[in-house]
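Working notes, beginning with the structure itself.
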Amino acid sequence: MRDMNDVNPHISHRHPMRSPAPRAALAAAIVLAACGPRRDVAEERAYRAEHGTGDIVVGAAWPWKARAGLLYGQGMEMAVDEVNASGGIHGRHLRILREDDGESVDEGSLVAQRLSKDPDVVAVIGHLQSYVTVPAAAVYDLAGIPLVSPAATDPELTGRGYRRVFRATFTDARVGRGMADYAAAHGYRRVAIFYVRNPYGRGLANAFEERAAELQMEIAARQSYDPNADASQRGTEQIVADWKGLNLDAVFIAGEAPQGPLFVAELRRQGIRAPILGGDALGIPDALRVGGSAVEGTVVASAFHAGDVRPEVRRFVDAFRKRYGVQPDVGAALGYDAVGVLAQAMRRTPTPTPEHIAAALRSTHAWQGVTGPFTFDDHGDLVDKPVRKMVAHAGRWEYLDESHGIPGAAPAAVPARTSLRAGQPSGPGDAGRAAGGRTE
């Protein structure tokens, strides 16, 4: 078993310069400058990518310190080592340069600027939060650098016409529609929606409602809550009381812990036994802790679960457990796939320049990752990205195998280690907010 604190030579952190350049190097730079016109950063980047023989550098922007509980970095590391062990990229090793964005819009923009000014960086993988990724994407696109976004679900990311931005996960709209499809498939005709009043909650709720209308389902009620208010079960008593006579078939929650599971507890306390469905932000350990037995049977969306029986998932899970001694979480899977889909694109280029990489990513078709197949549309979104499901069972999130889809049947007992949106295995909220709630 590998120590997760071991230093990998192909994973590096940026450090400030500690000493001035040697005189010989300075003199050489002066001579080179005198020999002809100086290339700008974009031209230098393309030149080094085309003619260089050293490592191919990919920036990795992420809240590394704040989200140390996620296994995202380990997933990236394993993928990089597999790429290099199989010959690298055109005979050159792939190397990851880590930058910490602190889950901050300002710091994320500074990180994007630093990576964009580094002529060795040919592509970037990042960030975690949509509210950080969207403004950072403008910086990368202006610099001509491809961005693979492993976790940002806000549709706005790919709605601005950027030609070098690629989303490696589903969107909030895809999750909402997928959960509506699940509801219709199980015969739920009258559904109520409870959502958080922020872009994530509204987008998810709207997508669910729009798809429900297409499927001739009825949205019997729709209520929201303030993400900045103190979470409280008592604060939802009147909403639940008003819903008691609606004869609901199901309730869809487009929110997060702790308010989401507290609302479920209040539903059960007042006698509403309708099945509970939720978005990916609800699928965290804290929801189980807060909701207790009330959330038993709740079905939520997820990008990945280690209980998936697909052969590529089984190989990934076995290799990850052998290497690190733990089961991979959704963060590990997203990091692994982000490196993998970028590497396969690089290998299909004549030279790994940013423009060649972007073109190869755009032409990617049916590349199989552990989170599902990768085919990008013209906007940079994935086509038909599957939305996996988990179900709360006996205090754990377990994989829901829909191929054996018998409503009410107990799923295979494969526990989830954590959710990407949990941040920490026992943290207070999802990955969209550092201190307990999602803000995308």
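Name the residues in the range 230-256 that are within 31 Å of the chain's Cα centre (by Cα), in contact (Cβ under 8 Å) with a residue 24 or more places away in the chain and more than 22 Å from residue 297 (Cβ to Cβ), would you?
232, the sole residue that qualifies.
Filter the range 280-301 for residues that are at pLDDT below 95, within 25 Å of residue 369 (Cβ to Cβ) and small (Gly, Ala, Ser); which is farthest from the chain's Cα centre (by Cα)? Result: 283.
Being buried (at least 24 other Cβ atoms within 10 Å of the Cβ) and of a type in the set (S, T, N, Q) narrows it down to one residue among 270, 259, 238, 233; which is it?
259
Scanning the range 191-229 for residues that are touching a residue at least 60 places away in the same chain (Cβ under 8 Å) and either surrounded by fewer than 16 Cβ atoms within 10 Å (Cβ to Cβ) or part of a loop (DSSP other than H, G, I, E, B) (or both) turns up 198, 227. Under the condition of being crowded, with 24+ Cβ neighbours inside 10 Å and of a type outside the set (Val, Ile, Thr), the residues counted in the range 132-156 number 9.
Is one or more of the residues making up the range 102-124 touching a helix residue (DSSP H, G or I) at 6+ places or on another chain (Cβ under 6 Å), crowded, with 19+ Cβ neighbours inside 10 Å, hydrophobic (A, V, I, L, M, F, W, C) and under 21 Å from residue 320 (Cα atoms)? Checked the range 102-124: no residue is touching a helix residue (DSSP H, G or I) at 6+ places or on another chain (Cβ under 6 Å), crowded, with 19+ Cβ neighbours inside 10 Å, hydrophobic (A, V, I, L, M, F, W, C) and under 21 Å from residue 320 (Cα atoms). Checked against (1) touching a helix residue (DSSP H, G or I) at 6+ places or on another chain (Cβ under 6 Å); (2) surrounded by fewer than 23 Cβ atoms within 10 Å (Cβ to Cβ); (3) at pLDDT 95 or above, residue 275 passes all but condition (1).
Name the single residue, out of those in the range 160-189 being among the small types (Gly, Ala, Ser) and in contact with a Leu (Cβ under 9 Å, 6 or more places away or on another chain), that is modelled with the lowest pLDDT.
Across the range 160-189, the extreme among qualifying residues is 173.
Condition first: modelled with pLDDT under 95 and either touching a Pro at 6+ places or on another chain (Cβ under 9 Å) or closer than 25 Å to residue 64 by Cα (or both). Now tell me which residues in the range 307-327 satisfy that. Within the range 307-327, 307, 327 meet the criteria. Within the range 92-111, the set of residues being within 18 Å of residue 11 (Cα to Cα) and either among the hydrophobic types (A, V, I, L, M, F, W, C) or without any contact (Cβ under 8 Å) to a residue 12 or more places away in the chain (or both) comprises 94, 96, 97, 111. Checked against (1) more than 18 Å from residue 286 (Cβ to Cβ); (2) small (Gly, Ala, Ser); (3) in a loop (DSSP other than H, G, I, E, B), residue 232 passes all but condition (1). Determine whether the range 37-44 contains at least one residue that is within 27 Å of residue 129 (Cα to Cα), in contact with a strand residue (DSSP E or B) (Cβ under 8 Å, 6 or more places away or on another chain) and modelled with pLDDT of 95 or more. Scanning the range 37-44, I find no residue that is within 27 Å of residue 129 (Cα to Cα), in contact with a strand residue (DSSP E or B) (Cβ under 8 Å, 6 or more places away or on another chain) and modelled with pLDDT of 95 or more, so the answer is no. Within the range 386-400, being under 21 Å from residue 374 (Cα atoms) and in a loop (DSSP other than H, G, I, E, B) holds for 386, 387.
Among the residues making up the range 77-90, those that are without any contact (Cβ under 8 Å) to a residue 12 or more places away in the chain and not in a helix (DSSP H, G or I) are 86, 87.
Here's the yes/no breakdown for (1) among the β-branched types (Val, Ile, Thr); (2) not in a loop (DSSP other than H, G, I, E, B):
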site: 47; (1), (2): no, yes
site: 61; (1), (2): no, yes
site: 68; (1), (2): no, no
site: 75; (1), (2): no, yes
site: 106; (1), (2): no, yes
site: 110; (1), (2): no, yes
site: 125; (1), (2): yes, yes
site: 140; (1), (2): no, yes
site: 157; (1), (2): no, yes
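Take the conditions (1) more than 27 Å from residue 170 (Cα to Cα); (2) assigned to a helix (DSSP H, G or I); (3) at pLDDT below 95; residue 265 misses just one of them, which is (3). Annotation: of all residues in the range 131-159 being in contact with a Pro (Cβ under 7 Å, 6 or more places away or on another chain) and modelled with pLDDT of 95 or more, the one that is farthest from residue 337 (Cα to Cα) is 144.
The values are calculated or read from the model by the stated rules, or taken from the named source; none is laboratory data. Bear in mind the structure is a predicted one, so any value in this text is a computation, not a measurement. Positions of Cβ are generated from backbone atoms using ideal geometry, with glycine treated the same way; all protein chains shown enter the neighbour counts.
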